[in-house]
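Remarks on the structure that follows.
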Amino acid sequence: MGAEWASGTRIGRPVASRLGSDRIGVVRVGELAGRTFLVTGANTGIGLATATDLARRGGRVYVACRSRPKGEAAAAGIAAATDSEAVGFLPLDLADLASVRACAQGFLDRGEPLHVLINNAGIGGTPGRTKDGFELVFGVNHLGHFALTMGLLDCLTASGARIVNVASDAHYQARGIDFGRLRRRTRGITGMQEYAISKLCNVLFSAELARRMDGTGVTSYSLHPGVVASDIWRRVPAPARPLVKRGMLSIEQGARTSLFCATAPAADLVSGAYYDECAERKPSPVATPELGERLWDQSEAWIKPG
């Protein structure tokens with residue numbers, strides 16, 4: 001879910017260079033047996049490609065999205081495509097914090113472990129406000145996922161889980177966070193400034209989560225999936241949509257780094273790091289620990305019921 005406007009510095013050798021064009025490598029059926037994954041926005045785009053790959057490799061997968069018909073259809077499609085009986089659906093509206101809390105509780109009520117949470121869902125080019133009064137892109141892309149992660153954190157800690165946050169190269173375009181504007185409606189037609197800020201929040205949240213969970217076994221990663229022709233751009237005005245999506249990657253190619261962060265050996269990953277093309281990359285210099293701490297504290301206050 002991301003648009004690419006700026007470049008940063010990669011650290012180390014990109015693993016993607018030895019991967020196939022559309023897959024994270026050779027699929028070994030059953031290699032993820034016994035592991036449970038929850039993927040937000042897995043009814044379409046990168047999320048659907050990610051969930052399908054995980055199910056094909058034997059993982060138990062939950063598709064979490066807003067539309068029950070679309071989510072159940074996606075889960076059924078994944079199950080049929082992968083010959084898996086371990087694909088389920090959870091209702092989740094990231095623009096409604098009550099729905100987010102209900103989704104987290106719905107999973108907890110199943111009494112299952114959760115080994116990997118992939119915060120994948122996102123929107124771009126969509127003006128508006130959430131049900132709780134936050135700028136819509138920020139509310140969906142960051143605050144809803146923050147609330148979901150917090151609601152599942154005890155379960156994640158019990159499993160020594162991974163949290164994978166799909167960010168974007170767009171975060172390099174954000175010059176900071178005007179916290180006052182996060183309670184106002186989106187400005188402009190494209191919402192690209194708000195999108196960049198929301199993706200900066202993803203990077204900050206992931207790094208701060210890694211700092212706070214250090215020593216617990218829980219790890220966190222953020223990533224840029226590439227410039228992907230996914231449904232995230234479906235609400236961009238029709239005349240501008242072809243320009244926005246020109247030259248983008250397929251959803252299978254876009255899922256590679258998410259899958260890498262979700263399934264690669266722990267020794268190949270650095271908790272709190274930002275990844276691009278399956279390699280660590282320096283995030284924006286704006287993504288400081290101080291700003292991450294402030295975002296965490298503010299987000300924590302904002303998600304409290306009432």
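Taking the numbered list (1) surrounded by 18 or more Cβ atoms within 10 Å (Cβ to Cβ); (2) modelled with pLDDT of 95 or more; (3) among the polar types (S, T, N, Q); (4) over 15 Å from the mean Cα position of the chain (by Cα) in turn, residue 253 passes all entries but (2).
Scanning segment 117-146 for residues that are under 23 Å from residue 60 (Cβ atoms), outside any strand (DSSP E or B) and among the aliphatic types (A, V, I, L, M) turns up just one, 121.
Name the residues in segment 92-106 that are assigned to a loop (DSSP other than H, G, I, E, B) and either closer than 13 Å to residue 41 by Cα or not charged (D, E, K, R) (or both), would you? Don't jump to the end; show me each part of the working.
Of all residues in segment 92-106, those assigned to a loop (DSSP other than H, G, I, E, B) come to 92-96.
Once the filter is applied, which keeps residues that are assigned to a loop (DSSP other than H, G, I, E, B) and either closer than 13 Å to residue 41 by Cα or not charged (D, E, K, R) (or both), segment 92-106 yields 92, 93, 94, 95.
Are any residues in segment 57-78 of a type outside the set (Val, Ile, Thr) and under 22 Å from residue 159 (Cα atoms), and if so, which ones?
Kept after step one, since they are of a type outside the set (Val, Ile, Thr), are these residues of segment 57-78: 57-60, 62, 64-77.
Within segment 57-78, 57, 58, 59, 60, 62, 64 qualify.
Looking only at segment 67-85, decide whether some residue is within 29 Å of residue 303 (Cα to Cα), assigned to a loop (DSSP other than H, G, I, E, B) and not aromatic (Phe, Trp, Tyr). Looking through segment 67-85, at least one residue is within 29 Å of residue 303 (Cα to Cα), assigned to a loop (DSSP other than H, G, I, E, B) and not aromatic (Phe, Trp, Tyr). Consider segment 65-79 and keep the residues that are among the basic types (Lys, Arg) and surrounded by fewer than 16 Cβ atoms within 10 Å (Cβ to Cβ). The one that is nearest to residue 94 (Cα to Cα) is 68.
Kindly establish whether residue 239 is more than 25 Å from residue 61 (Cβ to Cβ) and either assigned to a helix (DSSP H, G or I) or at pLDDT 95 or above (or both). Explain how you work it out, then say what you get.
Values: more than 25 Å from residue 61 (Cβ to Cβ): yes; either assigned to a helix (DSSP H, G or I) or at pLDDT 95 or above (or both): no.
Criteria not met by residue 239.
The values are calculated or read from the model by the stated rules, or taken from the named source; none is laboratory data. Worth saying up front: this structure is predicted, and the values here are computed from it rather than measured. Cβ coordinates were reconstructed from backbone atoms using ideal geometry, including for glycine residues, and neighbour counts include every protein chain displayed.
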